[in-house]
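Trainee: I'd like to ask some things about the structure below.
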Amino acid sequence: MTRYLMSTAAMLAVSASAALAEGETIGFSQIGSESGWRAAETTLTRTQAEERGYELQFSDAQQRQENQIAAIRSFVAQGVDAILLAPVVATGWDSVLEEAKEAEIPVVLLDRQVDSAEDLYLTAIGSNLVHEGEVAGEWLAGEVGERDCRIVELQGTTGSSPAIDRKAGFEAAIKDHANLEIVRSQTGDFTRALGKEVMESFLQAENGGKDICALYAHNDDMAVGAIQAIKEAGLKPGEDILVVSIDGVPDIFQAMANGEANATVELTPNMAGPAFDALEAYWADGTMPEKFIQTESRLYTQADDPAGEYERRKGLGY
């Protein structure tokens with residue numbers, strides 16, 4: 001499958017063809033607000049829609065697939081011009097996507113994939129989730145060198161494509177490093193509260209945390225919660241326990257600036273820019289986009305001006 005790599009600057013630019021689609025109504029089924037990254041994605045989607053003259057019908061699914069399915073059916077009944085879907089899990093979408101297709105309403109997936117036929121959606125916007133996990137694993141392998149490292153893992157929502165792929169990528173990156181071992185792995189559901197709670201259980205099970213070398217979290221919010229648990233256990237996050245996670249939210253940069261986190265792999269929250277660009281080209285002359293449009297991601301460490309990154313990102317709605 002062909003993949004396009006789009007820069008952050010390109011995604012933030014408003015398409016010159018926006019006027020062609022001004023006044024369209026777009027339904028947006030958002031997973032919920034389980035993380036700062038998710039909130040930023042919602043904020044930027046609203047901003048992009050307003051700048052382009054769209055009416056955005058927003059639905060918060062509160063992390064429940066049945067709510068998303070109901071929202072999509074409502075959008076179809078309303079006769080919206082397009083649907084944006086950030087799917088909470090990867091499976092179980094065929095029927096409702098068929099309904100949207102029969103109504104000739106294009107569906108664009110945001111930041112997550114579905115296990116459905118490609119003809120049921122126009123395109124999917126997102127990062128290479130497996131690669132994100134690989135980058136995190138490669139960083140950790142390089143950081144610890146040859147010393148033994150017992151890793152605890154905070155997984156994302158069970159059954160979601162980020163949880164599945166970020167785990168697979170990380171495991172692939174460390175598989176040839178016999179000194180690196182994931183000793184405990186449990187879902188934190190992408191939330192700070194559960195990330196803290198699960199990390200507390202990890203610490204209790206691993207000699208008060210003394211037997212833990214590193215934490216790998218599938219998102220920054222869980223990492224931030226876990227950092228609090230590590231501090232409350234009397235340990236120094238970032239030193240006693242290395243912390244690597246994914247997303248690039250402001251608070252993880254603040255943690256890095258404070259020496260309490262070590263690395264994050266950025267996932268841009270601006271999925272709406274390339275989604276609207278693809279829709280505008282499709283509406284203008286029927287241009288079919290590639291089935292996957294890849295956004296830009298990069299690794300940030302304590303050497304990459306985390307305090308400055310915090311300042312640059314804190315106003316984006318996280």
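The values are calculated or read from the model by the stated rules, or taken from the named source; none is laboratory data. Computed from a prediction, not measured in an experiment: that's the story for all the values here. Neighbour counts are summed over all protein chains in view; Cβ atoms, including those assigned to glycine, are modelled from backbone coordinates with ideal geometry. The area values use the complete protein model at the heavy-atom level, side chains included, leaving out ligands, DNA and RNA. Shrake-Rupley method; radii C 1.70, N 1.55, O 1.52, S 1.80 Å.
Trainee: Quickly run through segment 59-69 and pick out the residues that are open to solvent by 50 Å² or more (accessible area, probe 1.4 Å) and within 19 Å of the chain's Cα centre (by Cα).
Mentor: ASP60, GLN62, GLN63, ARG64
Trainee: So, one more: Of the residues in segment 184-193, how many are open to solvent by less than 50 Å² (accessible area, probe 1.4 Å) and either at positive phi or hydrophobic (A, V, I, L, M, F, W, C) (or both)?
Mentor: Of the residues in that region, 1 qualify.
Trainee: I'd like to verify a number: residues in segment 101-136 that are over 17 Å from THR295 (Cα atoms), touching a Lys or Arg at 6+ places or on another chain (Cβ under 8 Å) and acidic (Asp, Glu), how many?
Mentor: 2
Trainee: Can you find a residue in segment 105-112 that is part of a helix (DSSP H, G or I) and either of a type in the set (Gly, Ala, Ser) or under 26 Å from ALA71 (Cα atoms) (or both)?
Mentor: Within segment 105-112, not a single residue is part of a helix (DSSP H, G or I) and either of a type in the set (Gly, Ala, Ser) or under 26 Å from ALA71 (Cα atoms) (or both).
Trainee: Checking the condition surrounded by fewer than 19 Cβ atoms within 10 Å (Cβ to Cβ) and part of a helix (DSSP H, G or I), which residue from GLU181, GLU197 passes?
Mentor: Answer to the selection: GLU197.
Trainee: Return a yes/no flag: does segment 84-99 have any residue that is touching a Gly at 6+ places or on another chain (Cβ under 7 Å), under 22 Å from GLY273 (Cβ atoms), open to solvent by 10 Å² or more (accessible area, probe 1.4 Å) and not hydroxyl-bearing (Ser, Thr, Tyr).
Mentor: No, that holds for no residue.
Trainee: Test each condition in (1) assigned to a loop (DSSP other than H, G, I, E, B); (2) free of Cβ contacts under 8 Å to residues at least 60 places away in the same chain; (3) farther than 17 Å from PHE292 by Cα for GLN68 and report the one that comes out false.
Mentor: (1)
Trainee: Only one of these conditions is not met by GLN30: (1) open to solvent by less than 50 Å² (accessible area, probe 1.4 Å); (2) under 14 Å from ASN270 (Cα atoms); (3) modelled with pLDDT of 90 or more; (4) out of contact with any helix residue (DSSP H, G or I) (no Cβ under 7 Å at 6 or more places or on another chain). Which number is it?
Mentor: The single condition GLN30 does not satisfy is (4).
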